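The values are calculated or read from the model by the stated rules, or taken from the named source; none is laboratory data. A quick note: this is a predicted structure, and the numbers were derived from the prediction, not measured. Cβ coordinates were reconstructed from backbone atoms using ideal geometry, including for glycine residues, and neighbour counts include every protein chain displayed. SASA here: full protein model, heavy atoms, side chains in, ligands and nucleic acids out. Shrake-Rupley method; radii C 1.70, N 1.55, O 1.52, S 1.80 Å.
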Amino acid sequence: MAKSMSLLWGAGSPPCWRVMIALEEKKLQGYKHKLLSFEKEQHKSQEVLEINPRGQLPAFKHGDNILNESSAACLYLENQFKLQGNKLIPDSPAEQAMMFQRMMEGLTLTDKLNSVIYYDWFVPEEERHDAAMKRNREALAAELKLWEGYLQKVGAGSYLAGAFSLADVIVFPNIAYAFRFGLSVGRYPKLAKYYSLLKDRPSIKTSWPQHWLSSPQGYDVLKDL
């Protein structure tokens, strides 16, 4: 099954990482994959554009089926391989509702993280303003406090929607990214505990960005947030 799958991906990209975690959780090792460089703009190459006309990663194929949105790819994998690997959508309607809610909110967290971490990358120099960056940082801080509150409600040692689910597949790469870029453990203790809970999970450890291992220092972009 996995041999009919291919993934074009970029190292450290939360959307790419989500798909890789889902593939590991569903025991779909052995798929074809190719690491591309964002710095060299390989995500804009013809190879990618033929699969994803937006020129974004991931670019995922299963046979003739193409899924380039990470959440869609993760949902597809769970639905196509329900009886294989770990179950990622709970049966309980309440847990299912919570899972879908947190899953979709995770995409908002991605956007707000990117608006701060990649501000200089996305915004041309002549269009950058301190006031805009301040607004972006304030919006991200408010967003992170929401997640801190969500984790307060689920209790110690818990996942976002009961058992480990697609909500965690979608959200964890964002949380790992935030701490990689200097988020304060002391200021966000619940997020820090959630990060510690999940970072050694086999699917996450196996797919961990290799350059993070060789360069564990990270950055300090979010240290004062």
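Applying a DSSP loop filter and a limit of 12 other Cβ atoms within 10 Å to the chymotrypsin sites (Phe, Trp or Tyr not before Pro) in the stretch 108-143 leaves Tyr118. Note on Lys112: aspartates and glutamates with a C-alpha under 13 Å away, same-chain residues under 8 apart excluded, are Glu138, Glu143. Net charge around Leu7, counting only other residues with Cβ within less than 10 Å of its Cβ (Lys, Arg = +1; Asp, Glu = -1)? Cβ neighbours under 10 Å give a net charge of +3. Within the chain, the longest segment free of exposed loop sites, counting GluC sites (Glu not before Pro) that fall outside DSSP classes H, G, I, E and B and have at most 12 other Cβ atoms within 10 Å, spans 51-225. By the helix-only formula, in which each DSSP H run with n ≥ 4 contributes -39500 (n - 2.57) and the sum is divided by residues, the chain has a 222 nm mean residue ellipticity of -16000 deg cm²/dmol. The stretch 129-156 and the stretch 69-106 have Cα centres lying 24 Å from one another. When the trypsin sites (Lys or Arg not before Pro) in the stretch 1-69 are filtered for DSSP coil states and for at most 14 other beta-carbon atoms within 10 Å of their beta-carbon, the remaining sites are Lys27, Lys40, Arg54. A simple count of charges around Lys134, restricted to other residues whose Cβ falls under 13 Å of its Cβ and scoring Lys, Arg +1 and Asp, Glu -1, yields 0. Overall shape: oblate for the stretch 1-44, with the ratio a/c of the largest to smallest alpha carbon gyration tensor axis at 1.5 or above and b/c at least equal to a/b. For the stretch 206-214, backbone phi angles converted through the Karplus equation (6.51, -1.76, 1.60; θ = phi - 60°) give residue-by-residue couplings of 5, 9, 4, x, 4, 6, 6, 5, 7 Hz, Gly and Pro being listed as x.
Across the accessible surface of the chain, with the other protein chains kept in place and a 1.4 Å probe, carbon and sulfur atoms take up 52 percent.
Bridges between two residues of the chain, per DSSP, are antiparallel at a rate of about 60%. Accessible surface computed residue by residue for the stretch 112-225, with neighbouring protein chains in place and a 1.4 Å probe, gives 52 Å² per residue.
Taking the centroid of alpha carbons for each part, the stretch 196-224 and the stretch 1-17 are 18 Å apart. The structure shown yields semi-axes √(5λ) of the Cα gyration tensor in Å, and of the options (i) 39, 19, 15; (ii) 30, 20, 15; (iii) 27, 24, 15 that calculated value carries the label (iii). Karplus-derived 3J(HN,Hα) values for the stretch 158-174, using 6.51 cos²θ - 1.76 cosθ + 1.60 with θ = phi - 60°, are 10, 8, 6, 9, x, 6, 4, 8, 4, 4, 6, 4, 6, 7, 4, x, 5 Hz; glycine and proline are entered as x.
What net charge do the residues around Lys87 carry, taking every other residue with its C-beta under 11 Å from that of Lys87, with Lys and Arg at +1 and Asp and Glu at -1? Taking every Cβ under 11 Å from that of Lys87, the sum is -1.
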